[in-house]
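For reference, the structure discussed in these notes is given below.
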Amino acid sequence: ARAAAEEHFEATLAREQRIEPRDWMPDGYRRTLVRQIAQHAHSEIIGMQPEGAWITRAPSLRRKAVLLAKVQDEAGHGLYLYSAAETLGADRQDLTERLVDGRQKYSSIFNYPTLSFADVGVIGWLVDGAAICNQVPLCRSSYGPYARAMVRVCKEESFHQRQGYELLMTMMRGTQAQREMVQDAVDRWWWPSLMMFGPPDADSPNTAQSMAWRIKRHTNDELRQRFVDMTVPQAEKLGVTLPDPELRWNEERGHHDFGTPDWDELKRVISGGGPCNAERVERRRAAHEDGAWVREAAAAHAAKQAERSRR
Ligand code: FAQ
């Protein structure tokens, strides 16, 4: 029976069809998905903080409404992804505890501070841009609930990306001081954005197996290259300089060459040593603890309703 199930699993992958929650799957496949989906969900939730810090300081009512909506979308993505993880048998409460205990990761990118309002625009442009680049192929990921979640998430993130770019375009048409704020934000976020794609392929322990299982559809370096190629013309149009002296078009390769990110920095940030790691996790823990009464009230209410419908 086990051999038949395994064969069915492999055949489903080979036909480019989806694995669904009730299908048999190897333990490693399930574990890898829970790991990746949980990290992704945590990233969305922790990712609310850097921009969230600017909601009360947005320069106009319009910018405030837009930012509030974007940050709410991120909460929605997080919840959506936790639901996808639950289809694999994970428990949401347990995942949250693993996050606040530092046993599960979230994206390195959210461990950097947002120093000016231009950072809000640059996060939309570069960070959502990188997220889209990474996630569009995940719409074809082999696990059904994850792939389907990505379709909606990517649509909303495309909107977030345009929102950021439009904000930056507006600032670039403003004063010299505003243009300098944009350039400063680009200088600070460019390299961390490239690190979002993960370590270089030669140093990425999970890529080969995840590609074989068709969870990932491209390697980290392939997607990083795609992001650079996509972003360079946008930077030109915007009138900012990307802070990489080695960045240039390579006619032969048909791609841009670019410098090497500081991989030691990525390792440091992933293992808790980034500028804002402690603050981000502490804030998440406090929100979780402060929200305990809401969860208790909701559970008590549900129990009461259930009791009533039994009578
Ligand atoms: N940060 O072997 P690989 C967003 C870890 S977008 C932290 O290459 P894999 C939207 C990796 O987990 C951000 N950790 O691993 C938004 C592994 O550790 P483990 C979230 C990283 O999984 C925008 C180890 O290093 N997006 O939130 C990072 O094959 C704006 C070895 O690496 C996703 O999660 C990193 N940058 O490839 C929200 C996308 N890179 O678990 C708010 C889905 C690597 O073995 C505002 N995830 N690690 O202990 C993926 O595509 C993959 O998981 C990768 C990593 C590509 C991130």
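The values are calculated or read from the model by the stated rules, or taken from the named source; none is laboratory data. In this text the structure is predicted, and so the values were computed from the model without any measurement. Backbone-built Cβ (ideal geometry, glycine too); neighbour counts: all protein chains shown. All accessible areas refer to the heavy atoms of the entire protein, side chains included, with ligands and DNA or RNA removed. Shrake-Rupley method; radii C 1.70, N 1.55, O 1.52, S 1.80 Å.
Contact map, the stretch 210-227: first residue in contact (Cβ under 8 Å) with a residue 60 or more places away in the chain and closer than 15 Å to Gly259 by Cα, second residue more than 11 Å from the ligand (Cβ to nearest atom) and in a loop (DSSP other than H, G, I, E, B), Cβ cut-off under 8 Å, separation 6 or more or different chains; the map is empty. Screening Ala69, Ala3, Ala90 for residues that are assigned to a helix (DSSP H, G or I) and open to solvent by less than 50 Å² (accessible area, probe 1.4 Å) leaves exactly one candidate, Ala69. Residue under question is Asp128, and the condition is that it be under 30 Å from Arg57 (Cα atoms), near the ligand (Cβ under 10 Å from one of its atoms) and in a helix (DSSP H, G or I); does it hold? Judged against the criteria, Asp128 is a match. Look through Arg57, Arg35 and report the one residue that is surrounded by 15 or more Cβ atoms within 10 Å (Cβ to Cβ) and of a type in the set (Lys, Arg). One residue alone meets the criteria, Arg35.
Residues in the stretch 181-214 that are surrounded by 18 or more Cβ atoms within 10 Å (Cβ to Cβ), under 22 Å from Leu138 (Cβ atoms) and either at pLDDT below 95 or of a type in the set (A, V, I, L, M, F, W, C) (or both): Leu194, Met195, Met196, Phe197, Trp213. Only a single item in (1) of a type outside the set (Asp, Glu); (2) open to solvent by less than 50 Å² (accessible area, probe 1.4 Å); (3) under 13 Å from the mean Cα position of the chain (by Cα) is not met by Gln104, and it is number (3). Scanning the stretch 247-258 for residues that are in a loop (DSSP other than H, G, I, E, B) and open to solvent by less than 100 Å² (accessible area, probe 1.4 Å) gives Leu247, Gly254, Phe258. Here the condition is being among the charged types (D, E, K, R) and closer than 22 Å to Val122 by Cα; of Glu222, Glu180, it holds for Glu180 alone. Restricting attention to the stretch 6-63 and to residues that are part of a helix (DSSP H, G or I) and of a type in the set (Phe, Trp, Tyr), the residue that is farthest from the ligand (Cβ to nearest atom) turns out to be Phe9.
Looking only at the stretch 244-278, count every residue that is more than 16 Å from the ligand (Cβ to nearest atom) and either free of Cβ contacts under 8 Å to residues at least 24 places away in the same chain or in contact with a Gly (Cβ under 9 Å, 6 or more places away or on another chain) (or both) and tell me the total.
Here the count works out to 13.
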